[in-house]
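The values are calculated or read from the model by the stated rules, or taken from the named source; none is laboratory data. Quantities reported herein were computed from a predicted structural model and do not represent experimental measurements. Glycine also receives a Cβ, built like all others from the backbone with ideal geometry; neighbour counts cover every protein chain displayed. SASA here: full protein model, heavy atoms, side chains in, ligands and nucleic acids out. Shrake-Rupley method; radii C 1.70, N 1.55, O 1.52, S 1.80 Å.
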Amino acid sequence: MDAIATNIEPSQGWSFQPSIEMLPSEFRVWQHLLESRVGIVIDIARRPFFQTHLTSRMRALGINDYADYYRYVTQGVTGAREWADLLNHLTTQFTQFFRHIPSFETLEAYLSQRIQLDSEAALSLWSVGCSSGEEAYSLAITASEVCRKADLPEHYGVFATDISSHALSNARLGIYASEKVQHLDSSLLDRYFSNHAEGTFSIASALKARLCCARLNVLELGRTPISGMDVIFCQNLLIYFRRWLRKDILNQLVNKLNPGGLLVIGVGEVNGWSHPDLIPVADERVLAFTRRVA
Ligand SMILES: C[S@@+](CC[C@H](N)C(=O)[O-])C[C@H]1O[C@@H](n2cnc3c(N)ncnc32)[C@H](O)[C@@H]1O
C-alpha cells in the first residue's frame, strides 16, 4: 500500500458508499416531476444515472431518503435553487457550432433574400434551447456573414433561451475549447473569435453583444412576452418530449413568428405536423417552414 492510502482512515476520510437504491416506484415519481415541470421524458434505462446523481446530492445535504429529498426539492426558495441545479445535471446539453449544416444553409439563403428586399429591417433571431450558446452564435455568425457579403450594415439580434442556468452562463461567457471550434472555417475563426487562455477561444465582443440570453421553460411559452421573431431555431430539444407536446410547442412557436418568418426544426423531430399558416421549405435535407404573409 502506498503512503497516501494508508493515511486515510475510512471512518475519518472518504469511504466508498454505494448509491441509495431507488425503487421503480420512486423512479416513477421523479420521472413524473421532470415531465410535468419541463416536459422531458426519462427512460427507465437512466435510473442508475438518476440514482447516482441524486444520492450524491442527498449525501451532501444529509438526506437519506428519496421522499425527503423530493420534499426538499419541491418546496420553498432553497428547493427552487436545488431544482435549478438538478436540471443542469439531468438535461442533455450536447451541442455544436453549425450542428446541422443544411439548416444553416437554409438560414443563409433566407437572410440573403430578406436583406435584399429590405436592407434596413431589424431582424430578430431566436435559438430555443440554446444550451451553451453554440447554436445562437452560429445564427449570429450566419447573419453577420450575410450582411458582410452584401456590404450592408448589421441590423439583427439573437435571443438565446434555455431552462438550464448553467448552460446560459456558459453562453454568456462565450469561451469554448479549441476542439469545439476546430472544424470551423479559419476565416470565421479570425473574424468572430479570439484566442483565449490555454487553447480556448473567446467569441468576439461585437458578436457577443448581439446575443440576449434568458432563462425560459418552453412549457411556459404561452406566458412569455417574446414575439415578432423573424427566425426561430428549435433543434434537438423536442426529441425529449412526448409527441403531442412537441406539436403543442411548435404551434406556440408559430404564434411568435412574424409573417414571412422562418421556423427551423431538427429533421425527424416531429412527424405529421403541419400548420395552416406555414409553408414548408422545399429542401428535403431540412425541416423548415416560412410563415405565410396574410
Ligand atoms: C441537446 S441540447 C440542444 C442544443 C441546441 N439547440 C442544439 O441543437 O445543438 C437541449 C437543450 O434544451 C434544454 N431544455 C431542456 N428542456 C427544456 C425546457 N423545458 N425549456 C427550455 N429548454 C430546455 C436543455 O437544457 C439543453 O440545453
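Overview of results
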| read-out | value |
| --- | --- |
| Residue count for the range 29-75, restricted to those that are more than 26 Å from the chain's Cα centre (by Cα) and either within 16 Å of the ligand (Cβ to nearest atom) or not polar (S, T, N, Q) (or both) | 13 |
| Criterion (modelled with pLDDT of 95 or more and closer than 20 Å to Val38 by Cβ) met by exactly one of Ile203, Ile232 | Ile232 |
| Filter result for the condition that a residue is at negative phi and surrounded by fewer than 19 Cβ atoms within 10 Å (Cβ to Cβ), over Ala80, Ala140 | Ala80 |
| Residue satisfying all of: in the range 46-77; touching a Gly at 6+ places or on another chain (Cβ under 9 Å) and not charged (D, E, K, R); most open to solvent (accessible area, probe 1.4 Å) among these | Tyr72 |
| The one condition in (1) open to solvent by 60 Å² or more (accessible area, probe 1.4 Å); (2) assigned by TED's automatic domain parsing to the domain that holds Val254 that Gln96 fails to fulfil | (2) |
| Condition broken by Ser124, with the remaining ones in (1) touching an Asp or Glu at 6+ places or on another chain (Cβ under 7 Å); (2) within 16 Å of the ligand (Cβ to nearest atom); (3) farther than 30 Å from His32 by Cβ satisfied | (2) |
| Qualifying residue in the range 107-126 (condition: under 19 Å from Leu188 (Cβ atoms), of a type in the set (D, E, K, R) and not in a helix (DSSP H, G or I)) | no |
| Check on Thr92, out of contact with any strand residue (DSSP E or B) (no Cβ under 8 Å at 6 or more places or on another chain) and either more than 13 Å from the ligand (Cβ to nearest atom) or assigned to a loop (DSSP other than H, G, I, E, B) (or both) | yes |
| Members of the range 223-259 that are away from the ligand (no atom under 16 Å from the Cβ) and open to solvent by less than 20 Å² (accessible area, probe 1.4 Å) | Asp230, Val254, Leu257 |
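Listed here are the residues, each with its yes/no results for (1) of a type in the set (A, V, I, L, M); (2) within 14 Å of the ligand (Cβ to nearest atom); (3) not assigned by TED's automatic domain parsing to the domain that holds Thr224.
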site	(1), (2), (3)
Ala109	yes, no, no
Ile115	yes, no, no
Glu135	no, yes, no
Cys147	no, no, no
Phe159	no, yes, no
